[in-house]
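The values are calculated or read from the model by the stated rules, or taken from the named source; none is laboratory data. Here the structure is a predicted model, which is why all the values come from computation and not from measurement. Note: ideal-geometry Cβ built from the backbone for every residue, glycine included; neighbour counts use all protein chains shown.
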Amino acid sequence: MPKAGVRVYAHRGASRELPENTMPAFRRALELGVDALETDLHATADGVLVTSHDPDGARVFGVARRIADCRWSEVREWGVPSLEEVVRAFPGVPINVDLKTNVAALAVETLRRLGAEEQVTLASFQSATLRRARALVPAGGGAARPVRPAGPGRPAPPLACATVGDPPMPRSRVAGGLLDRQRARPGRQSRRTRRGRNHDG
């Protein structure tokens, strides 16, 4: 359990050791002792939410196909799990999900169907997606806190969160220690810093 209000998240699972956002990476992260998981979501052509940071399978799986153009049966063969599989595989493990596209309605529907409203936090760097997620949560039923926008001398918050079914976690808990940064050697840049494509979480 987290101590003193600190919750350590595994960014895309144990992504320094195994393909990111895959079931082996998530399992390995929990073996290493993290408190929670962080992942990203895209939707397949037939409306299944899958855990992938990129919109296609080129970088991680060597498949130059867009997830939005593929059916779930094809994407699954690459090694990409669905959100439902992840939630069912790790009951009770807090999961922070970054909505990479405007799939807020599908995400809320999926979490309610799975009874995972208290387990999963929805997040997005896209204000329209965040507003949609908030609108889908009844007043008093887990609406997200206001997000302070970036500005001069005021950096953007690490994650803008909308929790479904439960009050949102404090920002310090949402942006807990990331596994890939935690394991980076002193004086060595983390994976997120080295790869410009990964700066957006």
| said: Among the residues of segment 91-103, are any of a type in the set (D, E, K, R), touching a Leu at 6+ places or on another chain (Cβ under 7 Å), assigned to a helix (DSSP H, G or I) and closer than 26 Å to LEU136 by Cα? | reply: no
| field | Filter result (part of a helix (DSSP H, G or I) and crowded, with 16+ Cβ neighbours inside 10 Å) within segment 60-72 | value | VAL60, PHE61, ILE67, TRP72
| task | Could you tell me whether ARG88 is within 26 Å of ALA29 (Cβ to Cβ) and not in a loop (DSSP other than H, G, I, E, B)? | result | yes
| field | Selected residue [over 17 Å from HIS11 (Cβ atoms), free of Cβ contacts under 8 Å to residues at least 40 places away in the same chain, out of contact with any Gly (no Cβ under 8 Å at 6 or more places or on another chain) and surrounded by 22 or more Cβ atoms within 10 Å (Cβ to Cβ)] from VAL50, VAL75 | value | VAL50
| query | Just to be sure, is ARG134 farther than 18 Å from ALA29 by Cβ, modelled with pLDDT under 95, among the basic types (Lys, Arg) and in a loop (DSSP other than H, G, I, E, B)? | reply | no
| How many residues are more than 20 Å from VAL8 (Cα to Cα) and assigned to a loop (DSSP other than H, G, I, E, B) if we restrict to segment 26-47? | 4
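Condition check ((1) surrounded by fewer than 22 Cβ atoms within 10 Å (Cβ to Cβ); (2) under 18 Å from the mean Cα position of the chain (by Cα); (3) over 24 Å from PHE125 (Cα atoms)) across all residues:
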| residue | (1), (2), (3) |
| --- | --- |
| ARG7 | yes, yes, no |
| SER15 | no, yes, no |
| LEU32 | yes, no, yes |
| LEU83 | no, yes, no |
| Hey, does segment 100-107 have a residue that's small (Gly, Ala, Ser) and crowded, with 21+ Cβ neighbours inside 10 Å? | yes
| Subset of segment 115-131 (residues that are of a type outside the set (S, T, N, Q) and part of a loop (DSSP other than H, G, I, E, B)) | GLY115, ALA116, GLU117, GLU118, PHE125
| note | Exactly one of VAL8, VAL60, VAL34 is farther than 27 Å from ALA105 by Cβ, touching a residue at least 24 places away in the same chain (Cβ under 8 Å) and touching an Asp or Glu at 6+ places or on another chain (Cβ under 9 Å), and that residue is VAL8
